[in-house]
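Below: the structure, in C-alpha cells.
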Amino acid sequence: MNTQDFQRALDMGRPPNIRRLFPNSRALIVSGKIIDRALMKKGASMTIAANARNYFVLKGTLQAAQKANACVIIEIARSEGGTNAYCAMNYWNLATMVDTLCNQMGITVPVAVHADHYKIKSRDDVQRAKLEIPTMFDAGITSIAIDASHMSDDENLLANIELRPYFPLWAGYETEVGEIKGKLGLSTPEEAEFLIKGLNAHGIFPDWLAVNNGTTHGIESTDAGIQVELTVKIHEAIKEFGVSGAQHGTSGNSADRLRRIAKETRTTKANVATALQMISWGVRVNQYGNAELDDQGQFIKEPEKGMSDELWAEMVSYARSNNFAPGDYKKLNLPFENRLLSQPREIRERMAKGVEEFVLWLLKDVFYADDTAPLAIETILESGSFHPGDKCRQMEDPGEWTEPKIRERAKGISTDKGPSGDFDD
C-alpha cells in the first residue's frame with residue numbers, strides 16, 4: 001500500500017466521531033459506505049462482516065484482512081452486544097477494541113465498525129432507538145443496520161423513515177426486508193421494491209439491503225441454505241436504486257454457494273458469526289463452517305486447537321447445568337470472556353490464529369475480497385472525504401408515499417412472513 005496515499009486517507013477518511021475519539025490513532029476506521037464502494041469497484045466480490053463475539057475473533061479477522069490486503073467490516077448485533085447482551089463486545093466498546101488492535105498490530109487496511117441487526121420489533125423499540133442510536137455513534141460506530149423486518153411491511157418502512165435522522169448521513173446504512181428464518185418466510189422482489197422505493201421517496205438511500213433468501217442464523221440444521229436465484233431476482237428488482245446486498249447467515253452454506261452469491265449478485269457484505277466463534281474455541285467445523293456434533297449431539301472439541309481442553313470442559317459443564325441446547329452455547333461468551341483471556345499466551349494466540357486462517361481463506365478464495373483495501377483508499381481520495389456520497393438520487397414522488405398511502409400500498413403486497421418466534425442470533 002502506498003504510504004503517502006495511506007496517510008492522506010487517514011487524514012481525510014476517518015469520520016468525525018472517530019477523529020474525536022481517537023485523535024492520535026493510525027487506524028483507518030471508515031464509514032461502511034467506503035467499504036461497500038470498494039467492493040463495487042472490484043466487482044463480483046464481497047467482504048466479510050465478522051461478528052466479533054470475542055477478542056480472538058476480532059484479532060484473527062484483522063490479521064487475515066491485513067494479509068489479504070482486504071477492507072473489512074467488524075460488527076456486533078443487538079442480541080450479541082446491545083443492552084441485553086450475551087457477549088462482552090458491545091455497541092459501545094467495539095470501536096475502541098478495533099482501534100486498539102489496529103494500532104497494536106499495525107493494521108493498515110480500512111475497517112468499518114457496524115451495528116448489525118439493530119432490532120425494531122415494536123413502536124416502543126422505535127422510541128428507545130431514538131435515544132440509543134446516537135450514543136452508539138458517540139462510541140465510534142460507523143455503520144448501522146436498522147432491522148424492522150419483524151414487523152409488517154408498512155411498519156418496517158415507517159420505522160426506517162422515522163429513525164433515519166438519528167444517525168449521520170455519512171454512516172453506512174443497511175435495511176432489511178424479510179426476517180432471517182431459513183426456507184420459511186422468504187423475501188420477495190415485491191417487498192424489496194416497496195421498502196426501497198418508499199425510502200427513496202423520502203430522500204433515504206440505503207447502502208445495503210438484507211433479505212431472507214433461504215438461510216438462517218446460527219447452526220444450520222438443513223442443507224437448504226441460500227437461494228441464489230431468488231437473490232438475483234430481488235437485486236435485479238432494485239438495481240436502479242444502487243442498493244447492494246448484505247448476505248446474512250453464511251455459516252452452514254457451502255463455499256460454492258457463497259462464491260455464486262459473490263459472482264452472480266450485487267452482494268458486497270457477508271455476515272459471518274457462529275463459525276468464527278466455534279473456530280476460536282477449537283470446536284470442529286465442517287467445510288460449510290458449521291459446527292459438527294458427535295453421536296450424542298455434543299460439539300467436538302479438537303485437541304491442540306482453540307481454548308484449553310480443561311476450560312472447554314468447564315464451559316460444557318456450565319452449559320449442561322443451564323440446560324443449554326447446542327444453539328445456546330453462544331450465551332457462554334459473556335460469562336467466559338475473561339477466563340478465555342486469562343489463558344497462557346500460546347493458547348490465546350492459537351485461538352486467534354484459527355480464526356485468521358479461516359477468514360483469510362474466505363476473503364481470498366470464496367469472497368474474492370483480496371486487494372480491496374487500495375480500492376477503499378482510492379474511494380476516499382477520489383471523494384476527498386469520509387463521505388463518498390449516495391449511490392442514488394430521489395426518483396420516487398414523496399406525495400405518493402405519505403403514511404396513509406404507504407399503509408394502503410402495503411395491503412396489496414402478497415407476502416408470507418413465515419412462522420412467529422425468536423430468530424435473533
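The values are calculated or read from the model by the stated rules, or taken from the named source; none is laboratory data. This structure is a prediction, so every number in the text was calculated from the model and none was measured. Ideal geometry is used to build each Cβ from the backbone, glycine not excepted, and the neighbour counts take in all protein chains shown.
Based on this model, can you work out whether Leu169 counts as part of a loop (DSSP other than H, G, I, E, B) and modelled with pLDDT under 95?
no
Determine which member of the set Ile377, Ile406 is within 14 Å of Ala9 (Cβ to Cβ) and buried (at least 17 other Cβ atoms within 10 Å of the Cβ).
Sole residue among the options that is within 14 Å of Ala9 (Cβ to Cβ) and buried (at least 17 other Cβ atoms within 10 Å of the Cβ): Ile377.
Give Ile279, Ile347 a once-over and let me know the one that is in contact with a strand residue (DSSP E or B) (Cβ under 9 Å, 6 or more places away or on another chain) and assigned to a helix (DSSP H, G or I).
The unique qualifying residue is Ile279.
Listed here are the residues, each with its yes/no results for (1) surrounded by fewer than 24 Cβ atoms within 10 Å (Cβ to Cβ); (2) farther than 28 Å from Val243 by Cα; (3) in contact with a strand residue (DSSP E or B) (Cβ under 8 Å, 6 or more places away or on another chain).
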residue: Gly32; (1), (2), (3): no, no, yes
residue: Asp36; (1), (2), (3): no, no, yes
residue: Ile48; (1), (2), (3): no, no, yes
residue: Gly60; (1), (2), (3): no, yes, no
residue: Ala65; (1), (2), (3): no, no, yes
residue: Asn69; (1), (2), (3): yes, no, no
residue: Ile76; (1), (2), (3): no, no, yes
residue: Thr83; (1), (2), (3): yes, yes, no
residue: Ala88; (1), (2), (3): yes, yes, no
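Can you spot a residue in region 182-189 that is touching a Phe, Trp or Tyr at 6+ places or on another chain (Cβ under 7 Å) and either surrounded by 18 or more Cβ atoms within 10 Å (Cβ to Cβ) or outside any loop (DSSP other than H, G, I, E, B) (or both)?
Checking region 182-189: not a single residue is touching a Phe, Trp or Tyr at 6+ places or on another chain (Cβ under 7 Å) and either surrounded by 18 or more Cβ atoms within 10 Å (Cβ to Cβ) or outside any loop (DSSP other than H, G, I, E, B) (or both).
Of everything in region 385-408, what is over 14 Å from Arg37 (Cα atoms) and either in contact with a Leu (Cβ under 9 Å, 6 or more places away or on another chain) or not in a helix (DSSP H, G or I) (or both)? Give them in sequence order.
Once the filter is applied, which keeps residues that are over 14 Å from Arg37 (Cα atoms) and either in contact with a Leu (Cβ under 9 Å, 6 or more places away or on another chain) or not in a helix (DSSP H, G or I) (or both), region 385-408 yields Arg393, Gln394, Met395, Glu396, Asp397, Trp401, Thr402, Glu403, Ile406, Arg407.
Go through region 234-260 and give me each residue that's among the small types (Gly, Ala, Ser), outside any strand (DSSP E or B) and either crowded, with 24+ Cβ neighbours inside 10 Å or free of Cβ contacts under 8 Å to residues at least 24 places away in the same chain (or both).
If the condition is that a residue be among the small types (Gly, Ala, Ser), outside any strand (DSSP E or B) and either crowded, with 24+ Cβ neighbours inside 10 Å or free of Cβ contacts under 8 Å to residues at least 24 places away in the same chain (or both), then Gly249, Ser251, Gly252 are the ones that fit.
What pairs come out if I take residues in region 261-279 that are under 18 Å from Thr61 (Cβ atoms) and pair them with residues that are surrounded by fewer than 24 Cβ atoms within 10 Å (Cβ to Cβ) and acidic (Asp, Glu) whose C-beta lies under 8 Å away, six or more apart or interchain?
If the second residue must be surrounded by fewer than 24 Cβ atoms within 10 Å (Cβ to Cβ) and acidic (Asp, Glu), the pairs left are Ala273/Asp425; Thr274/Asp425.
Restricting to region 142-161, name every residue that is of a type in the set (Val, Ile, Thr) and either free of Cβ contacts under 8 Å to residues at least 12 places away in the same chain or over 22 Å from Ile73 (Cα atoms) (or both).
Across region 142-161, the qualifying residue is only Ile161.
All but one of (1) more than 28 Å from Pro404 (Cα to Cα); (2) among the charged types (D, E, K, R); (3) part of a helix (DSSP H, G or I) hold for Asp116; state the number of the condition that does not hold.
(3)
Give me the pairs: first residue in region 187-209 and within 12 Å of Ala410 (Cα to Cα), second residue of a type in the set (S, T, N, Q), beta-carbon distance under 8 Å, and six or more apart or on different chains, which are they?
Glu190/Ser414; Glu190/Thr415; Glu191/Thr415; Leu195/Asn156; Leu195/Asn160; Leu195/Thr175
Among the small types (Gly, Ala, Ser), buried (at least 20 other Cβ atoms within 10 Å of the Cβ) and in contact (Cβ under 8 Å) with a residue 12 or more places away in the chain: which single residue out of Ala139, Ala171 fits that description?
Testing whether each residue is among the small types (Gly, Ala, Ser), buried (at least 20 other Cβ atoms within 10 Å of the Cβ) and in contact (Cβ under 8 Å) with a residue 12 or more places away in the chain leaves just Ala171.
Could you tell me which residue of region 20-43 is nearest to the chain's Cα centre (by Cα), considering only residues that are in a helix (DSSP H, G or I) and farther than 18 Å from Ser383 by Cα?
So, considering only residues that are in a helix (DSSP H, G or I) and farther than 18 Å from Ser383 by Cα, the one nearest to the chain's Cα centre (by Cα) is Leu21.
Ser152 passes all but one of (1) among the polar types (S, T, N, Q); (2) surrounded by fewer than 17 Cβ atoms within 10 Å (Cβ to Cβ); (3) under 23 Å from Asn17 (Cα atoms); which number fails?
Ser152 satisfies all of (1) among the polar types (S, T, N, Q); (2) surrounded by fewer than 17 Cβ atoms within 10 Å (Cβ to Cβ); (3) under 23 Å from Asn17 (Cα atoms) except (3).
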